[in-house]
Structure formats: structure tokens, C-alpha cells
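Input: a single structure, listed below in C-alpha cells.
Any read-out appearing in this document is the output of simple, stated calculations on the displayed coordinates, not a laboratory observation. Since this is a predicted model, take the numbers as computed values, not measurements. Ideal geometry is used to build each Cβ from the backbone, glycine not excepted, and the neighbour counts take in all protein chains shown.
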Amino acid sequence: MQRYNWDPKLSVDIEPIDRQHQTLLTILNDVIDIINTNQHISFFEDVVHRMVTYVRTHFHCEEALMRQANYPKLDEHIALHKQFILKILELNQNFNPYSPRMRSDLVHFLKTWYKGHIGNHDRDYIPYLKKLSPQSIKWLVEDIEANLEENELPWD
Ligand SMILES: [Fe+2]
Ligand SMILES: [Fe+2]
């Protein structure tokens, strides 16, 4: 399975968000590496857990920024985030890490989501978030990141 490279076209041109998207990509590539090298199952579970924890923090940041920027499609975007978490939890529940088919389905799902969500839905909020000052974006993101493990979303 191929690793996924950062595509500059996916940039939202907002530094802390691009950085988070790149961290997510690193975690996604860790999932792919573990699958490619047939590493022990506990590594796989760890990395999926790491992804869910990180994605929660990331969604938290985006949702707070979109709210602050009065992004008109906020509710729609939150629903997409929710759908993603629910899908991951569902996959995780029925997941047999020894099944090559399930392993590749999971990676396929993550890759497709990554490209589709960031490339379409995240890019859509750019003009709104650009109205916020870079300093206020930075503070808000840092504040949320400081509570990484505790970042439960309201619908968790
Ligand atoms: Fe995002
Ligand atoms: Fe998003």
C-alpha cells in the first residue's frame, strides 16, 4: 500500500490548520506502514487510537474557528465531522485486524476521506477564517491543543 504524500493543493493557507492536517497525514502514513510491514496488532490499535484522539482535537479547533468566523455552513460541517468519527468507531468495533481485506478497506476509507474532506469541505471555509486575525487563530488552536486527551466533542 502506497504512503500518501502531502499535496500543496490541500493547503488551506492557515498555518495551524495546515500543520494539523500534516500531522494527521503522518498518522495516516503510520497506519499504512504498520499494515505494510505486518507489525503486531497492538501497534495497529495504538495508531488508530492516536488518530481518533488527534482528529478530535483537530475537529474541535476547526469547529471553534468556524463558529467564531460565523461560517454559514457550520452545522453541515460539524455533521460531516460527526459522520467521520462515527464511521471510525463503527469500523473499529467490527474490525478484525488479521483480515487483509479489512485492513486495506480501512486505509482506503481514510485516504479517500482525507483527500475529499480537506480538498473540498475544509477549503470551503477559507475565506471566512481568513477574516479572523492570525494571532487569534493561533491562540485558540494552542488553547485547544493544550488539552489534547480531554478534547471530547459535544456529541461524543
Ligand atoms: Fe480539517
Ligand atoms: Fe473539517
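Numbers below:
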{"quantity": "On Cα atoms only, tilt of 100-116 relative to the major axis of the chain in degrees", "calculated": "20 degrees"}
{"quantity": "Burial order of peptide ranges 16-25, 113-122 (average beta-carbon count within 10 Å, highest first)", "calculated": "16-25, 113-122"}
{"quantity": "Point-charge dipole on Cβ atoms (K/R +1, D/E -1) for the chain, about Cα centre, debye to 20", "calculated": "560 debye"}
{"quantity": "Asp18/Gln39 FRET efficiency (R0 22 Å; Cβ-Cβ; nearest 0.05)", "calculated": "0.15"}
{"quantity": "Angle between the chain longest axis and helix 41-68 axis [Cα atoms, degrees, rounded to 10]", "calculated": "10 degrees"}
{"quantity": "Cα principal axis extents for region 13-150, largest first, Å", "calculated": "47, 27, 24"}
{"quantity": "Number of Lys pairs (Cα under 18 Å; 8 or more positions apart or on different chains) in the chain", "calculated": "11"}
{"quantity": "Among His108, Leu140, Leu65 the positive-end extreme of the charge dipole of the chain (Cβ point charges)", "calculated": "His108"}
{"quantity": "Per DSSP, loop GluC sites (Glu not before Pro) in region 62-156 with at most 11 further Cβ within 10 Å", "calculated": "Glu152"}
{"quantity": "19 Å tail of the calculated P(r), region 74-148, as % of Cα pairs", "calculated": "55 percent"}
{"quantity": "Cα-based equivalent ellipsoid of region 45-118: semi-axis lengths in Å, sorted from largest, via gyration tensor", "calculated": "27, 12, 10"}
